[in-house]
Every structure is written in structure tokens, then in C-alpha cells.
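Read-outs: derived from the displayed coordinates by stated rules, not from any lab. Predicted, not measured: the structure shown is a model, and the values here were computed from it. No Cβ is skipped: glycine too gets one built from the backbone with ideal geometry, and neighbour counts run over all protein chains shown.
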Ligand code: HXC
């Protein structure tokens, strides 16, 4: 892959977007590599948590590639939007927790990529925004939908209609990110969080992700029914059998995860 680095540290895989000439903007070539990396980690049974970040000190992802987008006609724009959305939805629905480590600009498609992750951590130099209306378009990789679900709808509308960027402290205040770290500490913090999650039963973490995400799409009763399914299915796993046995009898050997 030319534009994405894929590394593994124990049970944590890190995907780094690396398109330095354009502050990691998402051209079709970058999206193709991102898709390959996402499919690789999704299929890797030894990856229990994933981090997505951008290369370099300045930018997570500065958006879709404006130079590539500029001359697209309506049909081509729809194809481009659908392709990015397909990959972001894979990230959102994959059976592994995904942490965005936002190390600078997260604009347009960059903010949309971060929002398709389960958890967002930011460096103190991070800048967030949906500047699309200034370019004469709407957000196109899910921004109108995810921002309005993550932060209060009036705040989402202010950000999207205004096209004004916000800094990391404001992103923390509105709940767009979980925490802000000094730039040099961001990746350690993301790895610590990922490893902490990866210590737990991966099937139970995946089931929790499905229950939360699918539950949010429906009514409370539907959500509870989804949770009952996911919860009870866990009783078919060795993680449940041994996890509970180990809790009750610490003399037993700590079980390997399923
Ligand atoms: C293509 C980009 C780019 C982008 C930066 N570059 N962002 N190229 N697409 N999104 C390129 C610049 O052209 C420049 O190339 C180099 O990266 C460095 O950028 P500068 O602008 O010189 O850096 P700086 O002055 O520090 O400004 C940083 C910035 C600014 C504030 C992030 O680059 C910027 O506003 N970028 C665009 C952000 C944006 O509008 N994103 C949303 C895109 S629309 P050269 O060759 O001159 O060195 C979108 C829609 C998604 O994301 C949905 C699609 C379906």
C-alpha cells in the first residue's frame, strides 16, 4: 500500500494515512489503500482493537481531495461519495473497536472518518470542521448524519452551516472527542486505551459494539431485544465460561481468549 501504513503491536493494529503532499487528503487512491487496510484488520482474528491516525505532526486528514473532486460531474461525485461511505461504514460496523487518534486537521472527510470510529482522542493541536459549504457542497462521507448523532443537533448545524473550524478544547466540550492530550502523548494514550480494551474478551467487546450501534438505530424496546440476544449469545463462548470460572476461583489458570 502506497498511502497507508499498517502496523501491529500485540493485539492492536494501527492504520496510518500517509499522503503528505496533501495533508493526508483522501484521494481515490488513498481510499483504496484505506479500504484494503480496513479489510485486512477486520479479517485478522488476532487484532482486538484498531487505531486510525494520520502521518506527520500537522494533519489527521484534511478532507476529501479537492483537486480530484473539482471536475467531477454529478454521477462521479455520487460514486466518490458512495465509495468513501462504504469504507467508513465498514469501520463503523466492523466487529472490533476503532479509536481515532486525531493528530491535527480533521476537516471535511477527515472529521467524517474520525466520526466513523468508536472513540475519538485528540492532540491539543487538532482542528475539526466541516468546511464543505464554503466549497459549494454538503458533507459527503456521512458528516450530516454522524455529527448530528454525536453532538447536539443545534451544534452540528452550527458547525456544518457555518463551515467554521473548532479547536480541540471546543471539540472536547461538545463531546466530539473523549479526551485531549499534548501532541507528543497522543499515540501513547491511544495505544494504552486500545491495549486496555484488548485485554477483555474480544467477542464480548464486539457484541457490545453491535448492541450499542444497532440499538441506537431503533426504539428502546428493539435495543433491549438486541442486547438480550448479544448477551445470551456470549454464553456460548469460552470467554464467558472461563472468565466467570476464573473470577470465582483465582487458583485456576487464567484462560486464553477465544
Ligand atoms: C487536496 C489539499 C487538501 C485537500 C490540503 N491540501 N488540503 N489538497 N485536498 N483537502 C494541500 C494544499 O493544496 C497544499 O498543496 C498542501 O496540501 C498543504 O496545504 P496548505 O493549504 O498549504 O497548508 P496550510 O496553509 O497549513 O492550511 C492547512 C488547511 C488547508 C487549513 C488544512 O490546507 C485547507 O483548508 N485544506 C482544505 C480543507 C478542506 O476544505 N477540507 C474539506 C474538503 S471537502 P500544495 O501543492 O500547495 O503544497 C470534503 C468533502 C468530503 O472533505 C465528502 C466527499 C464526497
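Quick rundown of the values:
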{"read-out": "Residues 5, 121, 31 arranged by fewest to most Cβ contacts within 10 Å", "value": "5, 31, 121"}
{"read-out": "Angle between the chain longest axis and helix 186-198 axis [Cα atoms, degrees, rounded to 10]", "value": "30"}
{"read-out": "Which of 117, 234 has the fewest Cβ neighbours within 10 Å, and the rest in rising order", "value": "234, 117"}
{"read-out": "Residues 147, 172, sorted so that the one with the fewest Cβ neighbours within 10 Å comes first", "value": "172, 147"}
{"read-out": "Most to least packed among 71-82, 44-55 [average Cβ atoms within 10 Å]", "value": "44-55, 71-82"}
{"read-out": "Rounded to 10°, Cα long-axis angle of helix 74-93 versus longest principal axis of the chain", "value": "20"}
{"read-out": "Acute angle (nearest 10 degrees) that the helix 202-216 long axis makes with the longest principal axis of the chain, alpha-carbon atoms", "value": "50"}
{"read-out": "Extension gain (nm, one decimal) between residue 82 and residue 195, 0.36 nm per residue minus Cα-Cα", "value": "37.4 nm"}
{"read-out": "Mean separation of Cα contacts under 8 Å, 6 or more apart, over the residue count of the chain: relative contact order %", "value": "16"}
